[in-house]
Each structure stands twice: as structure tokens, then as C-alpha cells.
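The values are calculated or read from the model by the stated rules, or taken from the named source; none is laboratory data. Bear in mind that the values here come from a model prediction, so they are computed numbers and not experimental data. Neighbour counts run over all protein chains shown; Cβ positions are idealised from the backbone, glycine included.
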Amino acid sequence: MVKKYESFIIFFIIGFIVCGVTVLNYFFPNDYTYYTSAYIYYDKATVVEVNSENLMNSPDFAGWTLGAQEVLVQFTSGMQKGEFQVVKNFKSTTHNIEVDVGTKVIVKAERPDNVAPYYTIYSYNRSSGIVVTVALFVLAMAFVAKLKGIKSVIGLAVSMYCIIAFLIPAIYRGWSPIVTTIVTVLAISVVSLLLLNGFCEKTYTAIASTMLGVLISSFIFLFLQKIMVLSGYNLSEAESLIVISRFTGLKINEIFFSAVLISSLGAVIDTAMSIAASIYEIRDVHPTMDKAQLYNSGVSIGRDMIGTMCQTLILAFVGSTIATLLVFVSYGTQFNQFFHSNYIALELVQAVSGSMAIIFTVPITAYLSTLTHGKDGRS
């Protein structure tokens, strides 16, 4: 019966999650904003004419120009859609938007009451680029992975929705980051794994393994956080978060916990599903193998995965910090200054906690995958 209506049940679960989160946000809106932007709008526009420009070649960056332009644009969205407006474009080393006739841009329109509006070029209009990028990703997934690739994309979309529409607003309004993150992890794990493999023992095992691996990682993280003397107050954004917490009840001390769990979740799901799939495949090919043999096979497969997945996870963290590390070098940072900084401590705890989640997921998945295997070697 479950198999017959499997797709319907899975998409019902997805619909329930989406509707539930939408209703939750409706009844618990986020009322506080750090900066008011009621009179600031970011509208799409197209450059139709360059009225004047005062530009010079950058002495530091070949091909760059610095200075200012005055351009005529036609709005293609917002309250002034279809209208023409003269806009300033200031080009510096940190804001270097190159515009010419036909360039699609985003205009920052400041329209406070009783004051003349002020317009500047904010950025390129990247709508087409974003659509092409996402389309290439979806097409590649569909072409190579077929139906499972499409299901993976749907699972990823639901995951992003859970994080953006539920987890972030919930933490912002002062709800416990620990509880909301665990709920989010559970929802993402259930949806992602059900989409990939449906209702079967392999899926149930992978879901249980993911949750147990993440929970063990949580305890390890709390231990490491304690001995490294870290909290959310050590984050670079702490100053802004403190201001926000005064109005929303934001629990700054637990935010780092949420970041660690979410950043390691994808790798844990991948590990759990891969080990479970391997063991269930071995069971089907060699039904006479006993539980000990199956467990040892799963752990043996997992050892290779631990090496590659942990390296992948840590390298991903390191790769995201290259720009910051270059700044440290330029400041002539000393070894003790760098080695004992909050930055290194935060990155180390995050990388190790995520890697530990992968390490413990392997034996957990291997063990759970053998539980339904009978003494005679059959499920």
C-alpha cells in the first residue's frame, strides 16, 4: 500500500513542511530590523544612454577604470517601471560596475518622504546569469543521474527552503538554535532520503544513522566548544548580533552550534546513504553472509569514505578562508597571534566536529544496516 502511493506520500510530506513553515512565518513575523530600508528600493533597469563620464585607468588593476559616470536608464521593474531616469555610477576598487548602452543593472533608489530621490547603480542585473547557472546544474543532474538527479534537485530546494524560511527566521526571533536546528536536520534528512530511495529499510537506516551521527557530533562540538572557550560571541558578526538580541531575544551563544550542524549535514547524509546502500547491495548478492561479516564489510567501505569525505569537508572550510588568510599574511600576523586567535579556534572546531560526524556515521550505519538481517543470513 505504501509503495503504491509512495510518490503521493512523499510530496504530501513536502507540501506539509512548506505549508507549515509558511503558516508559522505568518503568525510569527519578524518585526525588528537592524536598519530601516522602507524608503530604499532596488529596481531593475537598462542603460539607454551614457550622458557623461570622468574615468581614468586604475594604477593597480589592469583593465579597470575609476571615476564616475552619469547614465540614463529605463526602469524595467518597480514603481517607476517604464520611466527614464538619470543615475550616477561611481566606480572604485570595491565597487566597479562597468556600464554601457544596453547594460542591465540594479538601481538603488532612495525615495524618502519630502526629499528629492537619489539614484545610483548598485550592481549588475544577474537574473539571466542566475537562471542559466541553475538551469545548467539541473540539466546536468537530469542528464547524468536521470530521475534520481531530478529528485536530488527537489530535495536540495526543500533543504534550502527549510534553512531560509524556517531555521534563520526561527533563530532570529529568539527560538532555541539547538532545537530548531535539530528539527531542520530531521526534516532535510527525511525529505532528501525519501526522495532518493522511497520507503524502504535502506532509507530508514540512512535517516536514523544521519540523525545519530549528527547528535553525536553535537555532543563532540559542545565538548570542543567548552575546552576551546568558544561561543557565538566569538563570531565576527557578534557586535551586530548583540544589538539584534536586545530586541528579538536572539540566543547568540547557540548560533555557532547551528552553523556546525548545517555545514556538516550534507556530508553525513552522503556517508549514511552510501554505507547503507552498499550493505543492502551486499546482502542481496550474498544472502548467506552473517551480521558480523556485513558489519565488517560496511566499516571497510566506510574507511575509504572517511578519508575522502573528511578531507573534502576540511578542504571546503579551508578554501572558504583563503581571502582571510591572505589578509592575515598582509598584516604580518605572528604565529602565536594567529594560532590562538578566535578565527582559528572557530574554524578548527567547525571542521573537526563535522569530520567526527562522518567518522561516527560509518559504524552506526553499518550496525543499523545489519539489525534486520536474520540468523540464517536472510532479512
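Below, the figures for the structure above:
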{"read-out": "So Leu24, is it outside the structural domain of Ile163 (by TED's automatic domain parsing), within 30 Å of Leu186 (Cβ to Cβ) and either touching a residue at least 40 places away in the same chain (Cβ under 8 Å) or out of contact with any helix residue (DSSP H, G or I) (no Cβ under 6 Å at 6 or more places or on another chain) (or both)", "value": "yes"}
{"read-out": "Evaluation of Val138 against (1) more than 29 Å from Asn25 (Cβ to Cβ); (2) among the β-branched types (Val, Ile, Thr); (3) surrounded by 12 or more Cβ atoms within 10 Å (Cβ to Cβ) (one fails), failing number", "value": "(1)"}
{"read-out": "Close pairs from the range 188-208: first in contact (Cβ under 8 Å) with a residue 60 or more places away in the chain, partner of a type in the set (Asp, Glu) and surrounded by fewer than 21 Cβ atoms within 10 Å (Cβ to Cβ), Cβ under 6 Å, at least 6 apart", "value": "Gly198/Glu6; Phe199/Glu6"}
{"read-out": "Selected residue (only one of Thr184, Thr205 is part of a helix (DSSP H, G or I), within 19 Å of Val362 (Cα to Cα) and in the same structural domain as Ile314 (by TED's automatic domain parsing))", "value": "Thr205"}
{"read-out": "Residue match in the range 12-23 (condition: at negative phi, assigned to a strand (DSSP E or B) and at pLDDT below 95)", "value": "no"}
{"read-out": "Residues within the range 297-319 that are of a type outside the set (Gly, Ala, Ser), closer than 16 Å to Ile364 by Cβ and exposed (fewer than 13 other Cβ atoms within 10 Å of the Cβ), tallied", "value": "1"}
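Quick grid of which residues meet (1) under 19 Å from Leu368 (Cα atoms); (2) surrounded by fewer than 17 Cβ atoms within 10 Å (Cβ to Cβ):
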site	(1), (2)
Leu194	yes, no
Phe219	no, yes
Phe223	no, yes
Glu237	no, yes
Ile244	no, no
Val260	no, no
Ala267	yes, no
Glu281	yes, yes
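Conditions tested, residue by residue: (1) among the β-branched types (Val, Ile, Thr); (2) touching a Cys at 6+ places or on another chain (Cβ under 9 Å); (3) in contact (Cβ under 8 Å) with a residue 40 or more places away in the chain.
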| position | (1), (2), (3) |
| --- | --- |
| Ile282 | yes, no, no |
| Pro287 | no, no, yes |
| Ala316 | no, no, no |
| Ser341 | no, no, no |
| Ile359 | yes, yes, yes |
